[in-house]
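To start, the structure under review is shown below, and the notes come after it.
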Amino acid sequence: MKVHLPIYVRLLLGFLLNLVFLGAVFYGFFRLQFRVDMDSLLLGRAGDRIQAVGELIAAELADTPEADWNQVLDRFSQAYRAQLLLFRADGVQAGGEAIELPAAVRERIAGSQEPVPEPPGRSSIARRGPPPGRGPMRRWTPPPLNPQPKFMLRAGDPSRYWIGVRLPLAEPARMRSPPLVLLAVSDSLRGGGLFFDPIPWIAMGFGAVLLSVLFWTPLVHRLTRAIGQMTRATSRIAEGRFDTRVPVQRADELGRLAASINQLAARLADFVQGQKRFLGDMAHELCAPLARIQMALGVLEQRADPGSQTQLQDLQVEVEEMSDIIHDLLSFTRAGLQPEHITLESVPLLEIAQPIAAREAPRLAALEVRIDPACRVLAEPDLLRRALANLVRNAVRYAGSAGPILLAAESSGDRVLVRVSDSGPGVPEETLHRIFDPFFRVEPSRSRETGGIGLGLAIVKSCIEACQGTVVARNRSPSGLEVEIALKPAPADHRAGSPS
């Protein structure tokens, strides 16, 4: 049975495993670099570097008179930015600037002078001295069998760093003397690059960070991907697209949250559908008694005396307003109840827009249509006609006297954008996102003279979404409102097969 751990347990376990891994890496590295004391620093590249420098100095000193050894050591000291000195095992200085050695350094120098076995067959040569006619033998050949000792410590007052390495070099005047010890002294641990090499430490730190990133990236990616999916889904649900669902692929808190979002979307869809169905049923039930009232008013108008005609006409106007409201309710509910059963077809935009502009725009309002005759979209003609008519009527009502109204269309990528723009006062920004909500109006008035009950733009949204499009509204600068409809363009085969 698969165990499903909560997210916080996974994060905690991952963090602990990461700490354990980093601790093991650091422990292994420190065990390698610092086995006992600072001498462990010389086990790696730093020790090889010191040994190479010592052999280089020994080779040059072997070919240099002893009186000039100080010059050689000074030159190397300046090159490596560390003070270089030569000492014998008894602590007597053999070269370099005069200095008083700390006791700890003296002890390490004395301890580094291990006896080196003489090569077989060469002991008599060592006792008798060099062959006749040759100079004194300064270097021992072959090299000693024992590994050449090196040491590193911190000593003195003020405290300084000391590195000692035994050189395969003897003093010319002391043929039986053991090899000398080269001391490198520095105030800092780096010692001009001789003492401490930061490259392994940098590589270790970079490797630890890289491995940590590789360790945490899959977990973080899965979390952020799931959260991103839910964020996008909730945004679409907030826009009214209640058919949105989040893939449920987890059994932890995020998986349960995704399931809750899906359940919420389904409940909201049922609620909205139920609300629209209730409004549609109510509007449909009101149609019959309203028709009977209109018939009765017609009969009364024929039989009433002239003094009652005015009251009957006012009553007829009120009944007509009720009929318009019921018609709007029916349009709103029919557009949004079953959009999946709507068949989309290729619709020429200009043929839809021109009659609307001629019918909805009075002489006092200037309306301009800018649509390419070849522009076609996939839509249901009646729903698209109703949506555009409501938008044009709304622009004429609120901004007809403020300036020209523009009905335009253009292609943008895989969408055709239809815009209705005016030069009126616009809509307050804090209420702009609500103007497509049913029964919402910026003004508190609900009279027909000031815009009705607030279903015009809601019908626009329902019609456009039934055509698988989107609609948004934005304020223009410096003034005015622009409503933009995005629809799918008709494919080429639809365009060719449609009548012109």
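Bear in mind these aren't lab numbers, they're just calculated from the coordinates by the rules spelled out. What you are looking at is a predicted structure, and each value in this text was computed from that prediction instead of being measured. Quick reminder, even Gly has a Cβ in these numbers, built from the backbone with ideal geometry, and neighbours come from all protein chains shown.
What the table shows:
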{"item": "Positive minus negative residues near residue 470 (Lys, Arg vs Asp, Glu; Cβ under 11 Å)", "result": "+2"}
{"item": "The range 210-259 versus the range 388-411: alpha-carbon centroid distance in Å", "result": "41 Å"}
{"item": "Cβ-defined net charge surrounding residue 407, 14 Å radius [Lys, Arg +1; Asp, Glu -1]", "result": "-3"}
{"item": "Fewest-first sequence of 477, 412 by Cβ atoms within 10 Å of each Cβ", "result": "477, 412"}
{"item": "Ranked list, fewest to most other Cβ atoms within 10 Å of each Cβ, for 5, 344", "result": "5, 344"}
{"item": "Long-range HN-HN contacts of residue 160 with modeled amide H, under 5 Å", "result": "155"}
{"item": "The range 54-69 - phi-based ³J(HN,Hα) in whole Hz, Karplus 6.51/-1.76/1.60, Gly and Pro as x", "result": "x, 5, 5, 5, 4, 5, 6, 5, 5, 9, 10, x, 4, 5, 9, 4"}
{"item": "Taking 276, 488, 150 and counting other C-beta atoms within 10 Å, the order from fewest to most", "result": "488, 276, 150"}
{"item": "Convex hull per residue volume in Å³, alpha carbons only, for the range 263-336", "result": "65 Å³"}
{"item": "Partner aspartates and glutamates for residue 276 [C-alpha distance under 13 Å; skip if fewer than 8 residues away on the same chain]", "result": "328, 437"}
{"item": "Cβ-derived FRET efficiency at R0 41 Å, residue 370 paired with residue 315, nearest 0.05", "result": "0.40"}
{"item": "Net charge dipole size for the range 342-497 [Lys, Arg +1 and Asp, Glu -1 on Cβ; Debye, nearest 20]", "result": "320 debye"}
{"item": "Amide H contacts of residue 367 (H built 1.01 Å from N, under 5 Å, at least 5 apart or other chain)", "result": "405"}
{"item": "12 Å beta-carbon shell around residue 226, net charge (K/R +1, D/E -1)", "result": "+3"}
{"item": "For residue 377, distant residues with modelled amide H under 5 Å away", "result": "347, 349, 490"}
